[in-house]
1. Determine whether the range 109-117 contains at least one residue that is outside the structural domain of T214 (by TED's automatic domain parsing) and among the polar types (S, T, N, Q).
2. Can you tell me which residue is nearest to G45 (Cα to Cα) among those in the range 88-104 that are surrounded by 12 or more Cβ atoms within 10 Å (Cβ to Cβ) and of a type in the set (S, T, N, Q)?
3. Could you pull out the residue among L165, L135 that is assigned by TED's automatic domain parsing to the domain that holds T215, closer than 14 Å to T215 by Cα, within 23 Å of the chain's Cα centre (by Cα) and not polar (S, T, N, Q)?
4. Can you give me the ranges of the strands (runs of 3 or more DSSP E) entirely in the range 105-191 with at least 1 residues that are of a type in the set (F, W, Y) and surrounded by 15 or more Cβ atoms within 10 Å (Cβ to Cβ)?
5. Pick from L48, L35, L10, L56: which is in contact (Cβ under 8 Å) with a residue 24 or more places away in the chain and either outside any helix (DSSP H, G or I) or not polar (S, T, N, Q) (or both)?
6. Which of (1) modelled with pLDDT of 90 or more; (2) in contact with a Leu (Cβ under 8 Å, 6 or more places away or on another chain); (3) farther than 22 Å from L165 by Cα; (4) of a type outside the set (K, R) does T58 not meet, given it meets every other one?
7. Inspect all residues belonging to the range 104-122 and state whether any of them is more than 22 Å from L17 (Cβ to Cβ) and charged (D, E, K, R).
Amino acid sequence: MSWSILLLPLLGGYYYLTRCIRTKFRYKRLERQRLIFDSSIYGFGFLLVSFVLWLLITWRFPSLELWLVKIPLQIDFFYPSLFSFLLAYGWTNAFNTLKRKMTPNVENLYLSKAIEKTGNSMQLDLLKSYATQQLLMITLRNGKVYVGIATELNEPDGQSYIRILPFYSGYRTESLDVQLTTDYLSVYESIREAGSQEDVNTEMVICEEDIITTTFYEQEIFNRFNDTGDGENSSA
């Protein structure tokens with residue numbers, strides 16, 4: 001038997017773990033060694049199932065095996081190995097299609113579960129803001145500060161970005177006090193009162209690497225640190 005045919009089950013396990021919406025978000029967050037190891041385990045599982053199915057098929061249709069003998073390619077266990085990859089490919093795509101039809105936003109559901117298990121503190125804060133619409137205050141490396149809610153969850157694929165809907169923005173002073181200088185809520189309100197039918201999209205995309213701190217924003221608490229009490233200048 002040529003050991004090279006084990007590559008097909010390994011590829012099948014890898015395809016399943018990296019393409020199935022149930023597993024792909026989690027394995028993109030794990031080290032490559034773990035991915036290869038688990039791919040071999042899942043690949044062996046697909047190979048075992050395909051081998052049993054292949055025995056049943058050839059037992060039920062013996063003429064099929066006689067016909068395959070005529071093909072010049074004669075490698076032991078090649079067809080069960082090939083069948084294991086096709087099985088993994090078909091199962092993955094069938095599962096994805098069925099889940100997307102049955103469950104709205106199913107990818108965000110599985111992505112949320114992956115973040116809960118493997119996400120860092122900042123990603124957990126973003127997940128909570130996205131799920132509960134809780135205001136989050138984000139400080140960037142350049143000193144800019146944004147207060148808003150996360151509107152999108154992204155895969156950790158290379159350089160990750162987040163998308164927020166800002167409510168306030170400002171900057172940190174040299175003493176690291178927060179000065180909120182722009183009130184987006186008043187702008188939204190003025191547009192609504194003007195009766196404009198145009199969609200106003202003020203969502204912002206921020207690179208995760210540019211974020212240095214995140215904290216949940218409570219207006220009442222921040223007002224206690226504000227001398228003027230209007231929520232426009234806060235220290236945190």
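The values are calculated or read from the model by the stated rules, or taken from the named source; none is laboratory data. Just so you know, these numbers come straight off a predicted model, no measurement behind them. Cβ: placed from backbone, ideal geometry, glycine included. Neighbour counts: every protein chain shown.
1. Scanning the range 109-117 turns up at least one residue that is outside the structural domain of T214 (by TED's automatic domain parsing) and among the polar types (S, T, N, Q).
2. Checked the range 88-104; the qualifying residue nearest to G45 (Cα to Cα) is T92.
3. Working: L165 fails: closer than 14 Å to T215 by Cα.
Result: L135 is the single residue among L165, L135 that is assigned by TED's automatic domain parsing to the domain that holds T215, closer than 14 Å to T215 by Cα, within 23 Å of the chain's Cα centre (by Cα) and not polar (S, T, N, Q).
4. On the way: elements: 136-140, 144-152, 161-172, 177-183.
Hits in the range 105-191: 144-152, 161-172.
5. Working: L48 fails: in contact (Cβ under 8 Å) with a residue 24 or more places away in the chain; L35 fails: in contact (Cβ under 8 Å) with a residue 24 or more places away in the chain; L56 fails: in contact (Cβ under 8 Å) with a residue 24 or more places away in the chain.
Result: L10 is the single residue among L48, L35, L10, L56 that is in contact (Cβ under 8 Å) with a residue 24 or more places away in the chain and either outside any helix (DSSP H, G or I) or not polar (S, T, N, Q) (or both).
6. (1)
7. No - not one qualifying residue is present in the range 104-122.
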